[in-house]
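Colleague: Okay, handing you the structure first.
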Amino acid sequence: MEKKLVAESYIGFNGAISNNLILIRHEKKLDKKTYHEKLKLIEQEEIEENEKKKKLKSVYNLKSIDINHNYYELKKEELRYHFYMIYAIGTNIIKEDVVKNDRIILKSGKNRITKLYVDGGHKYICCCKESKLISNIYIYKFENEEDPIILSLHKFRTLDVSISRDGKYLLSSGGEDDKTLVLTQIGNQKFIYKSSSDYPYTNVSFFHNSNNFIIAKLNSIKICYYDFTKKLMSEEEVNTSIYKRQFLCLELKKNDEYAYLGTTTGDVLVVNIKSKVLEKILPENYLFSNGINVVKILSDNTILTGSGDGYVSLIDVAEKKIVRKTKLYGSINSIEMRNASTLYISVHENVIYVMDVINNTHKVLMLLHSNYIRDLCFPFDYNYVMYTCSHNNIMAWHFYEKKVIFLKNIEKGEFIYYDRKFLNIPTDKREKLCKMNKLHEEQVAHNLEKKKNNGDTFDKINKNLTCHSIQITKDGKYVALSVHNNIYLLTSKYMKIVTVILNAHYDYCDALEFHKQYDLITAGNHGDIKFWKFKNGKYVNVNTLGYHCTAINRIILYAGKYLCSCSEDGLITIYNIEESTLVKKIIDTSNARYRQICLNKKFDILLCCGNNNIFMYYDLIKNEISKHFYYSPFHNVLTVDMNDTGEYFITGSDDCKLRLYEFKTCTCLYIGDAHNDVINKCMFTVDNHFIISVSKDESIIYWNVPAEMKRQGLAKELEE
């Protein structure tokens, strides 16, 4: 029986999900005596720190040094409260303890989440799903890990949900294909009221102090009163005068006196609930581009807004003016308050910021690719730095700290983010790097024009770029990146372009491998393999192979002179690079297609993973098939990797599971099921402590290598 593989860390966030960051705090059950003792220690630490900084100010005359009072306020709050950060990725909901860094994964069905919601009483966590037939609403209990309540109320998509203050009723609105408003009793899972409209209700919300609710659709705001005894609904239209708007967000004051509605126009409508009249439009004589996505009420006089153009703005309600605004990278999706001065802000481009409202400063808490990771690599015998590539950008990670060193957009040729602790790029140097990249691109374009290469220029080729594969040289100086059908050679630190191979393959480059020092072997989408010699800072094509007829999945170098390749056509080839001869073609006559390969360096065996759950061991010394194994249940292996000892290997498959096998017997020992989409890459780390896997759900998972494997690896190191 397979054991469960434990996930040590889960790195993932999807900013495209509506309201995909919710911060909850629960009061701890603490002994008053211990609480006051810990509180005194924090206060004493704050006093000592304050005295130190006063001395520094007086001795060295440093005016910029100031004590961070907010840091100690947060520490005091952590004594009293549990802080939970709730966000969704793919089909999973993550409930993460901010202080302890523990997380619980709440699993749901196959369809992706489009909306996340937590009720005001913190009893339930809700998520809405989008599908081709019925849109399901999953309701989880906040404190218990029980099976969720599943409601199928709308077609295709659910736009918004709200739960009443007593936690008994759910209000939901359907999308463009449904256009219905449904009131459901959560206990018996039956709807008690349903109405349809000419336009979908984009925003719905129960009041804080009653079971009445407010709904908004195109050019219309209604306040609804439902009599639960008589089962009758009455509606009152809000008078918005001549103003016509389409709404994006809705926020109610705690006393239910006012409603604030963000619009696609870029302003906020303030509605008086009692008089049912539009009172104000904020801000005055100013519109945010791309609309207002988020509104948060700070006090009676101030509100916070997050706009589609990336501005977080503090607006004075009485004066109708913007007090302060801060520009962030991307479109604001959610704003959550940890305390009166600290904000957590999520952005559509998969970034979470922490902002200090008083000092108007912000820092990146989490930063991810805006698409799923297509490939990753580590420097040779070194796993403190990890490189990943996705869609049109490349990212470097500090592996153990799980922090981003830099994120560079290949299409624009500029750094989107870099950490000053690990990478020191002054502003002038940063601009210089971008200029150097642009100059190089212009030079390549000029050379292309000279050659009259089908009239294509580099600017045309440079559009709609997608990164497919990444590798780093053995000395760690350069990184090779396949971008569509072009291959870039970049410096590993500042990502400066050294050279570019244009139109390396017909469609795009699937895999690449460094040979000798800087020579390259690349594999294309149409089954062609090319050998490139690095001469005078440029790559020259010296050989081309065409044994495969479809996309090549992987190429591996064996003993420095043999090239092993596998393809979607199920054929495996072994090629002698020095003699330029084909050594072997491996094809199974029993209709098994081997689409993934991995090298066992200890036993000189090529592990071949095929469809129909068949594993084949090919002896590279004898050049013959050694063993066949069959594993059930059915799945297709998409990625495979072997550990350094050659005793274990891992596979990532299309059933979203990571499997760990013993090599000698090919028996599955552990299964990890934290992913919720196909796993497209998995690797052992050099120190054999972690397994890294990436998936199309846009997440990275650190898996703990089982303790017995670590002990075996340590014993062998001591023997050697």
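The values are calculated or read from the model by the stated rules, or taken from the named source; none is laboratory data. The shown structure was predicted, so the numbers you read here are calculated from the model rather than taken from an experiment. Virtual Cβ from ideal backbone geometry, glycine too; neighbours counted across all protein chains shown.
Colleague: Identify the single condition in (1) closer than 20 Å to GLU77 by Cα; (2) among the small types (Gly, Ala, Ser); (3) buried (at least 20 other Cβ atoms within 10 Å of the Cβ) that SER334 does not satisfy, given that it satisfies every other one.
Modeller: Going through (1) closer than 20 Å to GLU77 by Cα; (2) among the small types (Gly, Ala, Ser); (3) buried (at least 20 other Cβ atoms within 10 Å of the Cβ) one by one, SER334 breaks only (1).
Colleague: Can you work out which of the residues in the stretch 679-691 that are over 20 Å from GLU2 (Cα atoms) and β-branched (Val, Ile, Thr) is modelled with the lowest pLDDT?
Modeller: So, considering only residues that are over 20 Å from GLU2 (Cα atoms) and β-branched (Val, Ile, Thr), the one modelled with the lowest pLDDT is VAL686.
Colleague: Among the residues of the stretch 229-248, are any closer than 22 Å to LEU170 by Cβ, of a type in the set (Lys, Arg) and at pLDDT 95 or above?
Modeller: No - not one qualifying residue is present in the stretch 229-248.
Colleague: Taking the condition loosely packed, with under 15 Cβ neighbours inside 10 Å and either hydroxyl-bearing (Ser, Thr, Tyr) or without any contact (Cβ under 8 Å) to a residue 24 or more places away in the chain (or both), does TYR260 pass?
Modeller: no
Colleague: Being at pLDDT below 85 and not in a helix (DSSP H, G or I), is that true of even one residue in the stretch 70-86?
Modeller: The answer is no; no qualifying residue exists.
Colleague: For residues that are surrounded by fewer than 21 Cβ atoms within 10 Å (Cβ to Cβ) and aliphatic (A, V, I, L, M), scanning just the stretch 650-682, find the one that is farthest from ILE94 (Cα to Cα).
Modeller: If we take residues in the stretch 650-682 being surrounded by fewer than 21 Cβ atoms within 10 Å (Cβ to Cβ) and aliphatic (A, V, I, L, M), then LEU669 is farthest from ILE94 (Cα to Cα).
Colleague: Which residues, taken from the stretch 629-647, are modelled with pLDDT under 85 and touching a Phe, Trp or Tyr at 6+ places or on another chain (Cβ under 8 Å)?
Modeller: TYR630, TYR631
Colleague: So which of MET355, MET366 is of a type outside the set (Phe, Trp, Tyr) and more than 16 Å from the chain's Cα centre (by Cα)?
Modeller: Working: MET366 fails: more than 16 Å from the chain's Cα centre (by Cα).
The conditions single out MET355.
Colleague: Which numbered condition trips up HIS122, out of (1) surrounded by 20 or more Cβ atoms within 10 Å (Cβ to Cβ); (2) part of a loop (DSSP other than H, G, I, E, B)?
Modeller: (1)
Colleague: Kindly establish whether GLY570 is among the small types (Gly, Ala, Ser), under 23 Å from LYS681 (Cα atoms) and surrounded by fewer than 21 Cβ atoms within 10 Å (Cβ to Cβ). Before the answer, list the steps.
Modeller: On the way: among the small types (Gly, Ala, Ser): yes; under 23 Å from LYS681 (Cα atoms): yes; surrounded by fewer than 21 Cβ atoms within 10 Å (Cβ to Cβ): yes.
Yes: the conditions hold for GLY570.
Colleague: Which residue is surrounded by the fewest Cβ atoms within 10 Å (Cβ to Cβ), if the candidates are limited to the stretch 95-119 and must be of a type in the set (A, V, I, L, M, F, W, C) and part of a strand (DSSP E or B)?
Modeller: Applying the filter and picking the extreme gives ILE104.
Colleague: Of all the residues that make up the stretch 4-57, how many are β-branched (Val, Ile, Thr), in contact (Cβ under 8 Å) with a residue 12 or more places away in the chain and part of a helix (DSSP H, G or I)?
Modeller: Here the count works out to 1.
Colleague: To continue, here is another question. Strands (runs of 3 or more DSSP E) wholly in the stretch 159-214 with at least 2 residues that are of a type in the set (Gly, Ala, Ser) - which ones?
Modeller: By residue number, 169-174, 190-196.
Colleague: Which residues, counting only those in the stretch 571-613, are touching a Lys or Arg at 6+ places or on another chain (Cβ under 6 Å) and modelled with pLDDT under 90?
Modeller: Passing the criteria: GLY610, ASN611.
Colleague: Right, next: Among the residues of the stretch 270-290, which ones are under 27 Å from GLU236 (Cβ atoms) and either free of Cβ contacts under 8 Å to residues at least 40 places away in the same chain or surrounded by fewer than 21 Cβ atoms within 10 Å (Cβ to Cβ) (or both)? I'd like the intermediate steps shown before the answer.
Modeller: Filtering the stretch 270-290 down to residues under 27 Å from GLU236 (Cβ atoms) leaves 270-282.
Within the stretch 270-290, VAL270, ASN272, ILE273, LYS274, SER275, LYS276, VAL277, LEU278, GLU279, LYS280, ILE281, LEU282 meet the criteria.
Colleague: Test ILE192 against the stated conditions and say whether it is more than 23 Å from ASN19 (Cα to Cα) and in contact (Cβ under 8 Å) with a residue 12 or more places away in the chain.
Modeller: Considered against the rule, which asks whether it is more than 23 Å from ASN19 (Cα to Cα) and in contact (Cβ under 8 Å) with a residue 12 or more places away in the chain, ILE192 comes out as yes.
Colleague: TYR60 versus (1) under 31 Å from the mean Cα position of the chain (by Cα); (2) at pLDDT below 80; (3) not basic (Lys, Arg): which is the lone unmet condition?
Modeller: (1)
Colleague: Also, I was wondering about something else. Would you be able to say whether some residue in the stretch 371-383 is out of contact with any Leu (no Cβ under 6 Å at 6 or more places or on another chain) and without any contact (Cβ under 8 Å) to a residue 60 or more places away in the chain? Spell out the reasoning first.
Modeller: At the first step, the residues of the stretch 371-383 found to be out of contact with any Leu (no Cβ under 6 Å at 6 or more places or on another chain) are 371-383.
Those still in the list that are without any contact (Cβ under 8 Å) to a residue 60 or more places away in the chain too: none.
For the stretch 371-383, residues out of contact with any Leu (no Cβ under 6 Å at 6 or more places or on another chain) and without any contact (Cβ under 8 Å) to a residue 60 or more places away in the chain: absent.
Colleague: Let me ask something else. Within the stretch 586-619, how many residues turn out to be assigned to a loop (DSSP other than H, G, I, E, B), aliphatic (A, V, I, L, M) and in contact (Cβ under 8 Å) with a residue 40 or more places away in the chain? Reasoning before the result, please.
Modeller: Pass one, the stretch 586-619, residues assigned to a loop (DSSP other than H, G, I, E, B): 587-593, 601-604, 611-613.
Keeping just the survivors that are aliphatic (A, V, I, L, M) gives 587, 592.
Restricting the remaining residues to those that are in contact (Cβ under 8 Å) with a residue 40 or more places away in the chain gives none.
Residues that pass the stated criteria total 0.
Colleague: For a quick check of your reading of the model, give me the residue pairs whose first member lies in the stretch 653-666 and is touching a residue at least 24 places away in the same chain (Cβ under 8 Å) and on the phi < 0 side of the Ramachandran plot, whose second is among the basic types (Lys, Arg) and in a loop (DSSP other than H, G, I, E, B), with beta-carbon atoms closer than 8 Å and at least 6 apart or on different chains.
Modeller: none
Colleague: Continuing with this model, one more query. Do you know which of the residues in the stretch 199-223 that are surrounded by fewer than 19 Cβ atoms within 10 Å (Cβ to Cβ) and more than 36 Å from the chain's Cα centre (by Cα) is nearest to LYS179 (Cα to Cα)?
Modeller: Ranking the qualifying residues of the stretch 199-223, first place goes to LYS222.
Colleague: How many residues are at positive phi and free of Cβ contacts under 8 Å to residues at least 24 places away in the same chain when one looks only at the stretch 102-141?
Modeller: Let us first name the residues in the stretch 102-141 that are at positive phi, namely 122.
From what's left, free of Cβ contacts under 8 Å to residues at least 24 places away in the same chain: none.
Summing the residues that are at positive phi and free of Cβ contacts under 8 Å to residues at least 24 places away in the same chain in the stretch 102-141 gives 0.
Colleague: Here's something else I'd like to know. Applying the selection to the stretch 489-510, what residues are part of a strand (DSSP E or B) and closer than 14 Å to CYS377 by Cβ?
Modeller: LEU490
Colleague: Continuing with the same structure: Residues that are within 26 Å of the chain's Cα centre (by Cα): which strands (runs of 3 or more DSSP E) entirely in the stretch 242-341 hold 3 or more of them?
Modeller: Once the strands (runs of 3 or more DSSP E) in the stretch 242-341 are filtered for at least 3 residues that are within 26 Å of the chain's Cα centre (by Cα), what remains is 292-297, 302-307, 311-316, 332-337.
Results for (1) assigned to a strand (DSSP E or B); (2) closer than 23 Å to LEU620 by Cβ; (3) touching a Ser or Thr at 6+ places or on another chain (Cβ under 9 Å), shown as yes or no for each residue.
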residue: ALA523; (1), (2), (3): yes, yes, yes
residue: HIS526; (1), (2), (3): no, no, yes
residue: TRP532; (1), (2), (3): yes, no, yes
residue: TYR539; (1), (2), (3): yes, no, yes
residue: VAL542; (1), (2), (3): yes, no, no
residue: THR550; (1), (2), (3): no, no, yes
residue: ASN553; (1), (2), (3): yes, yes, yes
residue: LEU563; (1), (2), (3): yes, yes, yes
residue: ASP569; (1), (2), (3): no, yes, yes
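Colleague: Given the conditions (1) hydrophobic (A, V, I, L, M, F, W, C); (2) in a loop (DSSP other than H, G, I, E, B); (3) surrounded by fewer than 19 Cβ atoms within 10 Å (Cβ to Cβ), report the number of the one that VAL583 does not fulfil.
Modeller: (2)
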